[in-house]
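The next block holds one structure in the form of structure tokens; read it before the comments.
The values are calculated or read from the model by the stated rules, or taken from the named source; none is laboratory data. Everything numeric here is computed off the predicted structure, so don't read it as measured data. Positions of Cβ are backbone-derived with ideal geometry, glycine not excepted, and every protein chain shown enters the neighbour counts. Heads up: the accessible areas ignore ligands, DNA and RNA and are worked out on the full protein's heavy atoms, side chains in. Shrake-Rupley method; radii C 1.70, N 1.55, O 1.52, S 1.80 Å.
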Amino acid sequence: MLDVAVVGGGPAGLALAIEARRRDLTVAVFDRREPPIDKPCGEGLMPGAMARLAALGVHPAGHLLRGLTYRDAHCRVSAPFPGAPGRGVRRTELHRALVEAAERAGAELHWKARIDGLDDGSGNGARHFSEPRLALRGGGSVRARWVVGADGLRSDVRRWEGLDGPSADRRRFGVRRHYRVRPWSDHVEVWWSQGAEAYVTPVGPLEVGVAVLWESSEAEATGGGFESSLAHFPALSRRLDGAQPTSTDRGCGPLRQQVAGVARGHVALVGDAAGYVDAITGEGIALALEAAACLADALVRGDLNPYAGARRQIVARADRLALRLLFFSRHPRLRAGALRTLSLAPALFERSVGSHLNRQVPTWT
């Protein structure tokens with residue numbers, strides 16, 4: 001019998017597998033896809049994410065990121081990252097590097113593996129049993145002391161265990177495309193427009209990724225796909241005019257996912273499966289990696305109860321920032337005024353970015 005069975009082989013699931021192996025737990029990861037797995041995201045790894053990846057022995061190739069820039073049609077404001085830089089990394093490259101690290105750590109990795117359910121073998125659900133079982137499509141099962149759902153925004157494990165929360169009042173969606181063009185900045189650029197934001201991230205010497213996020217009330221205006229979404233940003237659209245797309249458009253949403261809890265019995269959730277406010281802060285990977293380390297400690301101790309509190313601490317500050325940024329996204333006049341103020345006092349923006357990225361990582365025992 002395994003110590004840990006992880007459903008979902010994305011960054012959160014693979015990070016947990018590496019952390020579990022470092023604590024001498026036996027672990028297997030199951031995912032219906034095969035690597036390298038792509039996903040629509042902004043791909044800008046903040047300094048905290050890079051530090052966490054380095055601690056896991058993961059060093060993905062990419063483009064150096066030295067700071068953050070906010071801009072709209074009228075002004076722009078920039079700030080450097082304090083201390084170490086971040087990195088723009090294609091999601092496929094990040095996944096490839098994490099897979100290699102998980103293999104080196106000795107985790108079992110099962111690709112193209114579909115899980116049909118979670119119970120004790122009698123069909124009664126896994127939440128009250130000490131040895132939950134994963135039912136494999138096509139026959140067979142896997143028993144483990146602990147099952148972890150790392151299967152993303154629409155987590156099956158979360159649904160099977162009755163941990164879904166209420167639907168969000170506001171629905172946000174995103175779409176992403178890459179272009180062959182020489183990056184014009186070593187910053188992550190956030191372009192603001194009416195009801196939408198575009199995130200431009202250099203991911204290589206001749207490639208940038210562009211992710212556009214919008215609220216469902218704007219769905220009609222973006223119903224034509226990526227081109228329609230990009231039309232909300234005329235200056236950015238002109239800059240990309242003539243550049244060759246280098247990837248298939250990928251979309252996702254709704255982004256906000258609320259949960260009833262992140263652990264129940266011998267089942268836990270990590271990464272996007274454990275709840276998600278919004279991608280607007282760009283810290284999803286960093287938060288998932290921190291939570292994976294805390295969850296691995298809880299699994300070693302044989303007690304998931306402290307994990308919920310630890311994860312709450314980890315995401316609290318990013319959640320507050322996300323809600324503030326979403327407020328400005330929904331109130332263009334206030335946002336424009338704030339950007340004008342920051343452009344006249346750039347040191348204020350620099351201090352704000354530095355304060356957020358230098359936050360203390362919570363610890364628990």
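Filter segment 1-44 down to the residues that are β-branched (Val, Ile, Thr) and out of contact with any Leu (no Cβ under 9 Å at 6 or more places or on another chain) and list them by number.
Of everything in segment 1-44, just one residue is β-branched (Val, Ile, Thr) and out of contact with any Leu (no Cβ under 9 Å at 6 or more places or on another chain), namely ILE37.
VAL58 - would you say it is more than 19 Å from LEU342 (Cα to Cα) and out of contact with any His (no Cβ under 7 Å at 6 or more places or on another chain)?
Yes.
GLU197 versus (1) modelled with pLDDT under 95; (2) in a strand (DSSP E or B); (3) over 20 Å from ARG333 (Cα atoms): which is the lone unmet condition?
(3)
Residue by residue through segment 305-345, note down the ones that are under 13 Å from ASP72 (Cα atoms), among the small types (Gly, Ala, Ser) and free of Cβ contacts under 8 Å to residues at least 40 places away in the same chain.
Matches in segment 305-345: GLY337, ALA338.
Take the conditions over 25 Å from ARG32 (Cα atoms), open to solvent by less than 20 Å² (accessible area, probe 1.4 Å) and part of a strand (DSSP E or B) and apply them to LEU213. Does it pass?
Taking the combined requirement at face value, the residue satisfies it.
Given the criterion closer than 16 Å to ALA12 by Cβ, among the acidic types (Asp, Glu) and under 11 Å from the mean Cα position of the chain (by Cα), identify the matching residue among ASP297, ASP278, ASP272.
Exactly one of ASP297, ASP278, ASP272 is closer than 16 Å to ALA12 by Cβ, among the acidic types (Asp, Glu) and under 11 Å from the mean Cα position of the chain (by Cα), namely ASP272.
Of the conditions (1) crowded, with 18+ Cβ neighbours inside 10 Å; (2) without any contact (Cβ under 8 Å) to a residue 40 or more places away in the chain; (3) of a type in the set (Lys, Arg), ARG172 fails just one. Which one is it?
Result: ARG172 fails condition (2) only.
Just give me the residues in segment 272-314 being of a type in the set (Val, Ile, Thr), farther than 16 Å from VAL27 by Cβ and not in a loop (DSSP other than H, G, I, E, B), in sequence order.
Within segment 272-314, ILE280, THR281, ILE285, ILE314 qualify.
Give ALA260, ALA274 a once-over and let me know the one that is closer than 25 Å to MET46 by Cα and of a type outside the set (Val, Ile, Thr).
Of ALA260, ALA274, the one residue that is closer than 25 Å to MET46 by Cα and of a type outside the set (Val, Ile, Thr) is ALA274.
For residues in segment 175-193 being closer than 19 Å to PRO245 by Cα and among the aromatic types (Phe, Trp, Tyr), which is most open to solvent (accessible area, probe 1.4 Å)?
TRP184
Kindly establish whether SER329 is among the small types (Gly, Ala, Ser), open to solvent by less than 40 Å² (accessible area, probe 1.4 Å) and in a helix (DSSP H, G or I).
yes
Could you please find all residues in segment 194-207 being hydrophobic (A, V, I, L, M, F, W, C) and either closer than 16 Å to GLN244 by Cα or open to solvent by 10 Å² or more (accessible area, probe 1.4 Å) (or both)?
Within segment 194-207, VAL200, VAL203, LEU206 meet the criteria.
For (1) assigned to a loop (DSSP other than H, G, I, E, B); (2) in contact with a strand residue (DSSP E or B) (Cβ under 8 Å, 6 or more places away or on another chain); (3) open to solvent by 60 Å² or more (accessible area, probe 1.4 Å); (4) free of Cβ contacts under 8 Å to residues at least 24 places away in the same chain, each residue gets a yes or a no:
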residue	(1), (2), (3), (4)
LEU134	no, yes, no, no
GLY139	yes, no, no, yes
GLY152	yes, no, no, no
ALA168	yes, yes, no, no
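Quickly run through segment 157-166 and pick out the residues that are open to solvent by 50 Å² or more (accessible area, probe 1.4 Å) and in contact with a helix residue (DSSP H, G or I) (Cβ under 8 Å, 6 or more places away or on another chain).
ASP164 - this is the single residue of segment 157-166 that is open to solvent by 50 Å² or more (accessible area, probe 1.4 Å) and in contact with a helix residue (DSSP H, G or I) (Cβ under 8 Å, 6 or more places away or on another chain).
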